[in-house]
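Working notes for the structure below.
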Amino acid sequence: MKKDIEDLLKKKGYYPLTTPLWNSFGFSQVKPNSNQEKQEQIKLIESSLFDKEGIYVYVNAAEETFYVGKGSPLKSRIKSHYNKLLKKGSDSRRVEFFQNNQGNMTIFWLEIEDEEEREIVEHLLSHLLKPKYKKWRAI
């Protein structure tokens, strides 16, 4: 089945992350030392993503898939992950994951306007890429 999923995503240009449909930018997913540093990272997110809807994949410096998600818009979702680094006393598994797994990342993103297609592609990519954070319990 994995081969069938891979073939389907390749046919659409959604796999691998190096196909021409994917965009990417380098990002420091590290708790900022100052408000200025935080604002610089937020500006980088906003200038790289705009208000596009789609799928994103965090890949860490060791080239491990860190996280697969979807956003509508993407920039709001990525900013929310970055802001998790500043939360104190949260019992959220996702907040704890981002706080415990900081570092330099490459964020790959792909514009997909259709909500249902985003959901399906996110799930299938998670199955293939095996991210460190396992959002989908059924995989």
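The values are calculated or read from the model by the stated rules, or taken from the named source; none is laboratory data. Just so you know, these numbers come straight off a predicted model, no measurement behind them. Note: ideal-geometry Cβ built from the backbone for every residue, glycine included; neighbour counts use all protein chains shown. What goes into the accessible areas is simple: the full protein's heavy atoms, side chains included, and nothing from ligands, DNA or RNA. Shrake-Rupley method; radii C 1.70, N 1.55, O 1.52, S 1.80 Å.
Conditions tested, residue by residue: (1) among the polar types (S, T, N, Q); (2) at pLDDT 95 or above.
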position	(1), (2)
Arg94	no, no
Asn100	yes, no
Ile107	no, yes
Leu110	no, yes
Val121	no, yes
His127	no, no
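With respect to the conditions (1) touching a strand residue (DSSP E or B) at 6+ places or on another chain (Cβ under 7 Å); (2) free of Cβ contacts under 8 Å to residues at least 40 places away in the same chain, Arg118 lacks only one, and its number is (2).
Applying the criterion of being among the basic types (Lys, Arg), out of contact with any Phe, Trp or Tyr (no Cβ under 8 Å at 6 or more places or on another chain) and not in a helix (DSSP H, G or I) to the residues of segment 54-97, the residue that is nearest to His123 (Cα to Cα) is Lys87.
Report, by residue number, each residue of segment 111-126 that is surrounded by 18 or more Cβ atoms within 10 Å (Cβ to Cβ) and in contact with a Lys or Arg (Cβ under 9 Å, 6 or more places away or on another chain). Within segment 111-126, Ile112, Arg118, Val121, Glu122, Ser126 qualify. Can you pull out the residues in segment 22-32 that are surrounded by 14 or more Cβ atoms within 10 Å (Cβ to Cβ) and not in a loop (DSSP other than H, G, I, E, B)? Correct list: Asn23, Ser24, Phe25, Phe27, Ser28, Gln29.
Considering segment 59-82, the residues that are in contact with a Gly (Cβ under 9 Å, 6 or more places away or on another chain) and of a type in the set (Ser, Thr, Tyr) include one that is most open to solvent (accessible area, probe 1.4 Å), namely Ser72. Within segment 69-89, residues that are free of Cβ contacts under 8 Å to residues at least 12 places away in the same chain reach partners that are assigned to a strand (DSSP E or B) with beta carbons closer than 9 Å, at six or more positions or on different chains, in the pairs Ser80/Gly71. In this structure, Phe98 does not satisfy being open to solvent by less than 50 Å² (accessible area, probe 1.4 Å) and within 20 Å of Glu6 (Cα to Cα). Might you let me know whether segment 8-21 holds any residue that is of a type in the set (Val, Ile, Thr) and either in a strand (DSSP E or B) or buried (at least 17 other Cβ atoms within 10 Å of the Cβ) (or both)? For segment 8-21, residues of a type in the set (Val, Ile, Thr) and either in a strand (DSSP E or B) or buried (at least 17 other Cβ atoms within 10 Å of the Cβ) (or both): absent. Tell me, which residue of segment 45-58 that is out of contact with any Asp or Glu (no Cβ under 8 Å at 6 or more places or on another chain) and surrounded by fewer than 19 Cβ atoms within 10 Å (Cβ to Cβ) is modelled with the lowest pLDDT? Across segment 45-58, the extreme among qualifying residues is Phe50. Which ones in segment 33-53 are assigned to a loop (DSSP other than H, G, I, E, B) and under 19 Å from Arg118 (Cβ atoms)? Phe50, Asp51, Lys52, Glu53, listed by residue number.
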